[in-house]
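Written below as structure tokens is the structure these notes are about.
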Amino acid sequence: MILWHNPRCSKSREALALLEARGADVQIRRYLEDAPSLDELTSAQAVLGLSAIEMMRPKEAAFREMGLSRDADDETLLRAMAEQPKLIERPVLFAGDRAVIGRPPERVLELL
């Protein structure tokens, strides 16, 4: 399992704690420091089965600063996330060919 994790985010910390409490073998990826590429984000979108906007944090200042809108096409939004990874909703847990955004954090337990 791979967790796209931001240790400064309480929801991300909660999700990690839930996984660790159940003995899950989780590899941490600090996605703000090791940003996913456009290809990785496109793959994540396919596995999550979500639109790009559903993978984003539209209330982040960067969303407005980049001139983005909720109506933008997926490619534009995915490119924005690759450029500014803080726009990615967190945490995201990947387990094989499945993935889930941990909002609420208990959602990560679906992949155990």
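Restricting segment 12-45 to residues that are more than 17 Å from Glu106 (Cβ to Cβ) and among the polar types (S, T, N, Q) leaves a set whose member that is surrounded by the most Cβ atoms within 10 Å (Cβ to Cβ) is Gln45. All conditions in (1) at positive phi; (2) more than 14 Å from the chain's Cα centre (by Cα) hold for Ser69, with the sole exception of (1). Picking from residues in segment 1-37 that are farther than 14 Å from Arg103 by Cα and of a type in the set (Ser, Thr, Tyr), the one that is farthest from the chain's Cα centre (by Cα) is Ser37. Restricting to segment 37-96, what's the tally of residues that are within 23 Å of Leu16 (Cα to Cα) and among the aromatic types (Phe, Trp, Tyr)? Of the residues in segment 37-96, 1 are within 23 Å of Leu16 (Cα to Cα) and among the aromatic types (Phe, Trp, Tyr). Of everything in segment 26-61 that is among the β-branched types (Val, Ile, Thr), in contact with a strand residue (DSSP E or B) (Cβ under 9 Å, 6 or more places away or on another chain) and outside any loop (DSSP other than H, G, I, E, B), the residue that is nearest to Leu78 (Cα to Cα) is Val47. Taking first residues from segment 83-97 that are among the basic types (Lys, Arg) and partners that are at pLDDT 95 or above and surrounded by 20 or more Cβ atoms within 10 Å (Cβ to Cβ), the Cβ contacts under 7 Å between residues at least 6 apart in sequence or on separate chains come to Arg90/Trp4; Arg90/Ser12.
Reported count of residues in segment 1-25, each being assigned to a loop (DSSP other than H, G, I, E, B) and either in contact (Cβ under 8 Å) with a residue 40 or more places away in the chain or at positive phi (or both), is 7. Taking the criterion of being farther than 30 Å from Ala24 by Cβ and not charged (D, E, K, R), the only residue of segment 78-100 that qualifies is Ala80. Residue under question is Ser69, and the condition is that it be free of Cβ contacts under 8 Å to residues at least 12 places away in the same chain, polar (S, T, N, Q), outside any loop (DSSP other than H, G, I, E, B) and out of contact with any Pro (no Cβ under 7 Å at 6 or more places or on another chain); does it hold? No.
The values are calculated or read from the model by the stated rules, or taken from the named source; none is laboratory data. Remember, predicted model here, so these are calculated numbers, not experimental data. In this analysis, Cβ positions are derived from the backbone assuming ideal geometry, glycine residues included, and neighbour counts consider all displayed protein chains.
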